[in-house]
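The values are calculated or read from the model by the stated rules, or taken from the named source; none is laboratory data. Note that the structure is predicted; figures quoted are calculated from it, not measured. Using ideal geometry, Cβ is built from the backbone for each residue, glycine included, and neighbour counts are taken over all protein chains shown. The accessibility values were calculated without ligands, DNA or RNA, using every heavy atom of the protein model including side chains. Shrake-Rupley method; radii C 1.70, N 1.55, O 1.52, S 1.80 Å.
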Amino acid sequence: MSLPYNDYSTRLREILGTRIQKISINAGFTCPNRDGKVGVGGCTYCNNQTFNPDYCQQDKSVTQQIAEGIAFFRKKHDEQKHLAYFQAYTNTYGDIAHLIDLYEEALSYPGIIGLVIGTRPDCINKELLDYLQELSGKCYVMVEYGVESTCDETLKAINRGHDFATAQRAIRATAQRGIHTAAHLILGLPGEDRTTLLSHAHQLSELPLTTIKLHQLQLIKGTVMAQQFATHPDQFRLFSVDEYIDLCIDFLELLHPNISVERFTSQSPPHLLIAPDWKVKNHEFVVKLQRRMIARNTSQGRLYLYKS
Ligand code: SF4
């Protein structure tokens, strides 16, 4: 059955010809929005413990993390290849020779057929893009940028330390070199009403993106946003699962049909999550969303306006 939206894992399998599993790596990077280069304290919603699986700890080498990650997933699917996913913190933030050593250590592991590199849009440069452009002629390379919002007022309020124009420049510069390019977006940041949330779909559709990853806003223990929520809960609009499904579908209807979608939700560890506690796993959410799209007789890009 064909899906009512452009699904990234389907597209990836078509490109690479096999089932793909990403293996997360914590290579010991920090973040310029934490160490003072751009800011201190980080983004108000950020607690990096939320995206580190057990096998992915920075005291282990890249090779060891990949070996343990592959062993973990092999229990589920024997026949698959892997992409090394440099996920935690800002994975282009460092001396270029050191970055290249880490990327190439990952690529030298059997069964790793490419890289996915998560980073901030203000943390990329020509030298690194030159290297990644050359590398992408030999293997799959994707750079994932944390965009989070296309609204500068929101970006300021969440202490991102960069504006949307910076994200636009980084995405265009990366895609122009033939490197797969992704954007993260959080749906539901404080201060964003429905019109603003849907305007993100228009803004991202204008960019040469391969894929996007959507996340519902989650309030995580130990973050600045958790304190803000405790003192001013009225400033937050947390969606129920049903409301969020409809929001995602409204968003998809406006999104350019060529941009694939990798995910709609994230699941923080229960011991760190304050709200919303949906108790719905990512794959269960996707099934609900697909059923709702069929019920609404709609598809990605249905309301996208092509510009001549
Ligand atoms: S979300 Fe990313 S950019 Fe923001 S503080 Fe956390 S690691 Fe840094």
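Please work out which residue is modelled with the highest pLDDT, limiting yourself to the range 257-279 and to residues that are among the small types (Gly, Ala, Ser) and under 25 Å from Tyr8 (Cβ atoms).
The initial filter retains those residues of the range 257-279 that are among the small types (Gly, Ala, Ser), namely 260, 266, 268, 275.
Right, trim to under 25 Å from Tyr8 (Cβ atoms) and you get 260, 266, 268.
Numbers: Ser260: 98, Ser266: 93, Ser268: 91.
For the range 257-279, the residue satisfying everything is Ser260.
In the set Phe239, Phe229, Phe251, only one residue is buried (at least 17 other Cβ atoms within 10 Å of the Cβ), aromatic (Phe, Trp, Tyr), out of contact with any helix residue (DSSP H, G or I) (no Cβ under 6 Å at 6 or more places or on another chain) and within 21 Å of Val286 (Cα to Cα); that residue is Phe239. All of Phe73, Phe86, Phe51 fail the test of being out of contact with any Ser or Thr (no Cβ under 6 Å at 6 or more places or on another chain), modelled with pLDDT under 90 and either closer than 25 Å to Asp152 by Cα or within 13 Å of the ligand (Cβ to nearest atom) (or both), apart from Phe51.
Listed here are the residues, each with its yes/no results for (1) of a type in the set (Asp, Glu); (2) more than 16 Å from the ligand (Cβ to nearest atom).
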site: Thr119; (1), (2): no, no
site: Asp122; (1), (2): yes, no
site: Leu128; (1), (2): no, yes
site: Leu132; (1), (2): no, yes
site: Lys138; (1), (2): no, yes
site: Met142; (1), (2): no, yes
site: Glu153; (1), (2): yes, yes
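How about the range 115-160: which of its residues are among the hydrophobic types (A, V, I, L, M, F, W, C), touching a strand residue (DSSP E or B) at 6+ places or on another chain (Cβ under 8 Å) and without any contact (Cβ under 8 Å) to a residue 60 or more places away in the chain? Those that are among the hydrophobic types (A, V, I, L, M, F, W, C), touching a strand residue (DSSP E or B) at 6+ places or on another chain (Cβ under 8 Å) and without any contact (Cβ under 8 Å) to a residue 60 or more places away in the chain: Leu115, Ile117, Ile124, Leu132, Leu135, Cys139, Val141, Val143, Val147, Leu155.
None of Thr181, Thr210 is among the β-branched types (Val, Ile, Thr), away from the ligand (no atom under 16 Å from the Cβ) and in contact with a helix residue (DSSP H, G or I) (Cβ under 7 Å, 6 or more places away or on another chain) except Thr181.
Condition first: open to solvent by less than 20 Å² (accessible area, probe 1.4 Å) and either within 8 Å of the ligand (Cβ to nearest atom) or modelled with pLDDT under 95 (or both). Now tell me which residues in the range 28-44 satisfy that. I'd like the intermediate steps shown before the answer.
First, the residues of the range 28-44 that are open to solvent by less than 20 Å² (accessible area, probe 1.4 Å): 29, 31-33, 39, 42-44.
Those that are open to solvent by less than 20 Å² (accessible area, probe 1.4 Å) and either within 8 Å of the ligand (Cβ to nearest atom) or modelled with pLDDT under 95 (or both): Phe29, Cys31, Pro32, Asn33, Gly39, Gly42, Cys43.
The number of residues in the range 145-166 that are buried (at least 19 other Cβ atoms within 10 Å of the Cβ) and within 15 Å of Gln235 (Cβ to Cβ) comes to 2.
Checked across the range 173-183, the condition of being open to solvent by less than 10 Å² (accessible area, probe 1.4 Å) and assigned to a loop (DSSP other than H, G, I, E, B) holds for at least one residue.
Residue pairs whose Cβ atoms lie under 7 Å apart, sitting 6 or more positions apart in sequence or on different chains, and linking a residue in the range 96-114 that is more than 14 Å from Leu132 (Cβ to Cβ) and modelled with pLDDT of 95 or more to a partner that is open to solvent by less than 60 Å² (accessible area, probe 1.4 Å) and of a type in the set (Ser, Thr, Tyr), are Glu105/Thr63; Tyr109/Thr63; Ile113/Tyr140. So, Gln87, is that one surrounded by 15 or more Cβ atoms within 10 Å (Cβ to Cβ), closer than 19 Å to Arg34 by Cα and not aliphatic (A, V, I, L, M) or not? Against the criterion (surrounded by 15 or more Cβ atoms within 10 Å (Cβ to Cβ), closer than 19 Å to Arg34 by Cα and not aliphatic (A, V, I, L, M)), Gln87 qualifies. Being within 22 Å of Asp250 (Cα to Cα), open to solvent by less than 60 Å² (accessible area, probe 1.4 Å) and hydrophobic (A, V, I, L, M, F, W, C) is the filter here, so list the residues in the range 1-17 that pass it. Listed by number, the list holds a single entry, Leu3.
Filtering the range 156-170 to residues that are within 16 Å of the ligand (Cβ to nearest atom) and either within 15 Å of Glu144 (Cα to Cα) or part of a helix (DSSP H, G or I) (or both) leaves Lys156, Ala157, Phe164, Thr166, Ala167, Ala170. Once the range 121-152 is narrowed to residues that are among the charged types (D, E, K, R) and assigned to a helix (DSSP H, G or I), the residue that is farthest from Pro190 (Cα to Cα) is Glu134. The C-beta contact set for the range 23-43 (first residue free of Cβ contacts under 8 Å to residues at least 24 places away in the same chain, second residue open to solvent by 40 Å² or more (accessible area, probe 1.4 Å) and within 12 Å of the ligand (Cβ to nearest atom), distance under 6 angstrom, 6+ apart or interchain) is empty.
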